[in-house]
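The values are calculated or read from the model by the stated rules, or taken from the named source; none is laboratory data. Being a predicted model, the structure only gives us computed values, none of them experimental. As a convention, Cβ positions derive from the backbone with ideal geometry for all residues, glycine included, and neighbour counts pool all protein chains shown. Calculation scope for accessible area: heavy atoms of the full protein, side chains included, ligands and nucleic acids excluded. Shrake-Rupley method; radii C 1.70, N 1.55, O 1.52, S 1.80 Å.
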Amino acid sequence: GEDVEQSLFLSVREGDSSVINCTYTDSSSTYLYWYKQEPGAGLQLLTYIFSNMDMKQDQRLTVLLNKKDKHLSLRIADTQTGDSAIYFCAERLLKLSFGAGTTVTVRA
Amino acid sequence: DTAVSQTPKYLVTQMGNDKSIKCEQNLGHDTMYWYKQDSKKFLKIMFSYNNKELIINETVPNRFSPKSPDKAHLNLHINSLELGDSAVYFCASSQEGQGSTEAFFGQGTRLTVV
């Protein structure tokens, strides 16, 4: 987690967009990932982006990568109650390094 | 079919005991990992094995000994358990090489040392 930083909590109203931010330190990371962890479960890969891309869209998910600032974000459109979970940003070098996770709470 | 499976899912044991957690993956991946998730949900890599060989050992106490009998299995043995070992332990696997090399995670083993 020292190399990847995220804010710890995000509260969002159902139907609004959620934006989760992440900063990483190593510019030689090839891939950057977003994982989702629901209560009592393991991590599931949500999406990933290759380092030569700026943006990737996958249905309600949009990933933005600013390589110059080493900043990664995940936007979830039309947030639903099922999106309540912990979201981990991760960078890949020799190993996967994870951020501390952002707990997203969706309120009605 | 579960891709990465760990057993047991829950483990409650007394301080000083020795315990093992098993992990198996049926994805044909060549790399397996153990991660520890503490009470603050912080996820930290402990070990990584590639084709049964240890490639990452992240300053984990030597009471923790991973064993990989073949590339589909990576077990974790812990000697002389301490209170601070209480955590959720996740096994994961990936296929190294070209491509996104995403890691697939097991459901976790919640270890409670009392």
Residue check: is B:Ala103 in contact (Cβ under 8 Å) with a residue 24 or more places away in the chain, buried (at least 18 other Cβ atoms within 10 Å of the Cβ), within 10 Å of chain A (Cβ to nearest Cβ) and out of contact with any Cys (no Cβ under 9 Å at 6 or more places or on another chain)?
yes
Considering segment A:39-51 alone, what residues qualify as being open to solvent by 30 Å² or more (accessible area, probe 1.4 Å) and at the interface with chain B (Cβ under 9 Å from one of its Cβ atoms)?
A:Gly40, A:Gln44, A:Leu45, A:Tyr48, A:Phe50
Mind checking which residues of segment B:38-70 are under 18 Å from B:Ile21 (Cβ atoms) and of a type in the set (Asp, Glu)?
B:Asp38, B:Glu58, B:Asp70
Just a yes or no: is a residue in segment A:85-105 at pLDDT 95 or above, more than 14 Å from chain B (Cβ to nearest Cβ), under 13 Å from the mean Cα position of the chain (by Cα) and part of a strand (DSSP E or B)?
no
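Only one of B:Glu53, B:Glu96 is of a type outside the set (A, V, I, L, M, F, W, C) and either surrounded by 13 or more Cβ atoms within 10 Å (Cβ to Cβ) or at pLDDT 95 or above (or both); which?
So the residue among B:Glu53, B:Glu96 that is of a type outside the set (A, V, I, L, M, F, W, C) and either surrounded by 13 or more Cβ atoms within 10 Å (Cβ to Cβ) or at pLDDT 95 or above (or both) is B:Glu96.
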Considering segment B:74-86 alone, what residues qualify as being of a type outside the set (Val, Ile, Thr) and open to solvent by less than 10 Å² (accessible area, probe 1.4 Å)?
B:Leu74, B:Leu76, B:Leu81, B:Asp85
In segment A:66-81, what residues are touching a strand residue (DSSP E or B) at 6+ places or on another chain (Cβ under 8 Å) and surrounded by fewer than 21 Cβ atoms within 10 Å (Cβ to Cβ)?
A:Asn66, A:Asp69, A:Lys70, A:His71, A:Ser73, A:Arg75, A:Ala77, A:Gln80, A:Thr81
Could you list, in sequence order, all residues of segment B:50-68 that are away from chain A (no Cβ under 14 Å), in contact with a strand residue (DSSP E or B) (Cβ under 8 Å, 6 or more places away or on another chain) and farther than 12 Å from B:Met32 by Cα?
B:Arg63, B:Phe64, B:Ser65
Kindly check whether there is at least one residue in segment B:2-20 that is facing another protein chain (nearest Cβ under 10 Å), without any contact (Cβ under 8 Å) to a residue 40 or more places away in the chain and open to solvent by 10 Å² or more (accessible area, probe 1.4 Å).
no
Restricting attention to segment A:1-20, which residues are open to solvent by less than 60 Å² (accessible area, probe 1.4 Å), polar (S, T, N, Q) and modelled with pLDDT of 95 or more?
A:Ser17, A:Ser18
Out of segment A:21-38, which residues are within 14 Å of chain B (Cβ to nearest Cβ) and either farther than 20 Å from B:Glu96 by Cα or modelled with pLDDT under 95 (or both)?
A:Cys22, A:Ser29, A:Thr30, A:Tyr31, A:Leu32, A:Tyr33, A:Lys36, A:Gln37, A:Glu38
In segment B:66-100, what residues are in a strand (DSSP E or B), free of Cβ contacts under 8 Å to residues at least 60 places away in the same chain and farther than 17 Å from B:Phe42 by Cβ?
B:Pro66, B:Lys67, B:Ser68, B:Pro69, B:Asp70, B:His73, B:Leu74, B:Asn75, B:Leu76, B:His77
